[in-house]
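Since the structure comes first, as structure tokens, the remarks are kept for the end.
All of the numbers you see were taken from the coordinates with simple rules; none came from a lab. Because the structure is predicted, anything quoted here is derived from the model rather than measured. Methodologically, a virtual Cβ is constructed for each residue, glycine included, from the backbone with ideal geometry; neighbour enumeration extends over all protein chains shown.
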């Protein structure tokens, strides 16, 4: 197992024999040379922990003492490479667990420290030893909170999509009808990659625009919604930019009303 986990295959082979001195003409090669000398790039150290994690998955439900004993029969202490595998094996398994308030917990020095339930623990561990039975158990699945999820939720509270290029956007508690214009697919020479966004009142690029609107577009025109349109769409102006009313099913009915009034947009 240690060869599969910690060794990389030889690179530079194939038809062209890249990164090998075998491409040197015959008259320039030495008269006598060892078999391994032409290989410039040989094997090197690597970490492929997938087989080790799959083996632990196959051992779930067994006593941890039996699993660890079988692993130690293969992972001999007389090799640095095999000791490295043993380090990763112990890193994947939380062994110092205990019951607290009816939950399996650990004492962690990471994050804020203290007593942490396994459901709230983030780290390299994928398994744990049950404190009462001593059985190897897989970690409970947990949903990762990513910054993209927060961006999508923020956009759902402050924006309402109407038709292509038209969107309702909440700016500082006030709802506006904005017309989005896409960035060029390819920028010509001496063409600036940024455009002035009327909603943000500054220059933005395609990357920043994707975070704001979910697409590479900028606000080219905008106008404030009237009271009648706000009631039609089920919205409400507020000083708090994120305290908006839930979307109304009549939103699609009045979509063309906003889109068909380009003369009222602020340019």
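The table below lists the values:
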{"read-out": "Cα gyration tensor of the range 163-225 - equivalent ellipsoid semi-axes, whole Å, descending", "value": "22, 11, 10"}
{"read-out": "Segment residue 216-residue 119, length gained on full extension (0.36 nm per residue, minus Cα span)", "value": "31.2 nm"}
{"read-out": "FRET E, pair residue 101, residue 54, Förster distance 35 Å, beta-carbon r, rounded to 0.05", "value": "0.60"}
{"read-out": "Sorted by Cβ neighbour density within 10 Å, fewest at the top, the residues 183, 98", "value": "98, 183"}
{"read-out": "Residue 91-residue 154 pseudo-label distance in nm [points 7 Å out on the Cα-to-Cβ vector]", "value": "3.3"}
{"read-out": "Per-residue Cβ neighbour rank within 10 angstrom, fewest leading, 175, 55", "value": "55, 175"}
